[in-house]
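These notes are about the structure you will find just below.
The values are calculated or read from the model by the stated rules, or taken from the named source; none is laboratory data. From a predicted model like this one, the values you see are computed outputs, not experimental measurements. Because the Cβ atoms are built from the backbone with ideal geometry, glycine has one as well, and the counts that use them run over all protein chains shown.
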Amino acid sequence: MPELPEVETVVRGLRATLPGRTILEVRVGKADFIDDPSSLAECLPGKRIAEVVRLGKFICVALEPLQDSSGAHGTPDSRLYFIIHLGMTGQLTVCPAGDPIKPHTHCFFALDGGRELRYRDIRRFGRMLLVPECGMAEFLGHLGKEPLQIGAEEFCKDFSSRRARVKALLLDQRVLRGVGNIYADESLFRARLHPARISASLKKKQLLALRGALREILEAAIRFRGSSISDYVDAEGKRGGFQQRHRVYQRGGKPCFRCGKKIRRVIVAGRSSYFCPGCQPAPRSRKK
């Protein structure tokens, strides 16, 4: 599933081509991943794309009305937000309208200038919805803090006050928005923390190390345009390169790059977790 670096890479690609463009037409095939399919065809044509931003794992396209009689564009208060989650296999690309259509392409957004925004999703686990300006506060209220912006003291406070496994907290989108299985495992390895450690048991020095590792891993993954494990491609249809730099994720049974011990796989918070038993010692069990 695309995580923060992959979504950020897609957003940066879309940001280079979409702002200022007008949506002329919407065509929808299979629509079981769209909250209200008819609203896309009714509300999007005639809207100008103001900006594209990332909200955790969501892509947010801000739309505004075209110029009014005075020549002014719509104000932020009149904006409509087109929210997209790529799910497991979603791809959002911009291409010339005449390009061949790949299988499993379900949505077409015709743009002025002869290009098209296309959404392709093999498994259709993604999501699309429209949120008016008045509903954005509620939408954002379900998301946690941005891991690339959260301060050290705030991070330590949030994680030291919870009895959950540290891996579970990293994956909880109500705590941090955008972190998934890949970058949780890679960050815990860099910070030398076992994924099953109880977050409240960690010392401040360990929590600071985890925050630093998380930022470093996410920033590096963005530089390498994300990790292409299966279907992920950026807005130009190109694969990422950070999967070549994974140290533990999906490396079960292979030697650790740091100490040579075999990487192990366990289930933590219902998810596969990869770690090095030498670099990330397991938490000690309490004596009876």
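Only residues that are without any contact (Cβ under 8 Å) to a residue 60 or more places away in the chain, over 23 Å from F33 (Cα atoms) and not acidic (D, E) were counted across segment 135-163, and they come to 12. Based on this model, can you work out whether G178 counts as under 16 Å from G56 (Cβ atoms), in contact with a Gly (Cβ under 8 Å, 6 or more places away or on another chain), outside the structural domain of V52 (by TED's automatic domain parsing) and in contact (Cβ under 8 Å) with a residue 60 or more places away in the chain? Taking the combined requirement at face value, the residue satisfies it. Screening V166 with (1) of a type in the set (V, I, T); (2) in contact with a helix residue (DSSP H, G or I) (Cβ under 7 Å, 6 or more places away or on another chain); (3) closer than 30 Å to L14 by Cβ gives one miss only, at (3).
Here V94 does not qualify as β-branched (V, I, T) and more than 26 Å from R48 (Cα to Cα).
For segment 35-50, the candidate set comprises residues that are loosely packed, with under 15 Cβ neighbours inside 10 Å and either in contact (Cβ under 8 Å) with a residue 24 or more places away in the chain or closer than 11 Å to L63 by Cβ (or both); within that set, the residue that is farthest from the chain's Cα centre (by Cα) is G46. Of all the numbered requirements in (1) in a strand (DSSP E or B); (2) in the same structural domain as V179 (by TED's automatic domain parsing), Y274 misses one, and that requirement is (2). Screening segment 239-288 for residues that are aliphatic (A, V, I, L, M) and out of contact with any Gly (no Cβ under 7 Å at 6 or more places or on another chain) and picking the one that is farthest from N181 (Cα to Cα) gives A282. If you go through segment 222-237 and pick out every residue that is among the hydroxyl-bearing types (S, T, Y) and more than 14 Å from the chain's Cα centre (by Cα), you end up with 1. Looking across segment 237-269 at every residue that is aliphatic (A, V, I, L, M) and without any contact (Cβ under 8 Å) to a residue 40 or more places away in the chain, the one that is surrounded by the fewest Cβ atoms within 10 Å (Cβ to Cβ) is identified as I267. Per this entry, I122 is counted among residues that are over 27 Å from R265 (Cα atoms) and hydrophobic (A, V, I, L, M, F, W, C).
Inspection of segment 213-225 finds a residue satisfying the criterion of being farther than 25 Å from A152 by Cβ and outside any helix (DSSP H, G or I). Scoring E236 on the criteria (1) farther than 30 Å from H104 by Cα; (2) charged (D, E, K, R); (3) at pLDDT below 95 leaves a single failure, condition (1).
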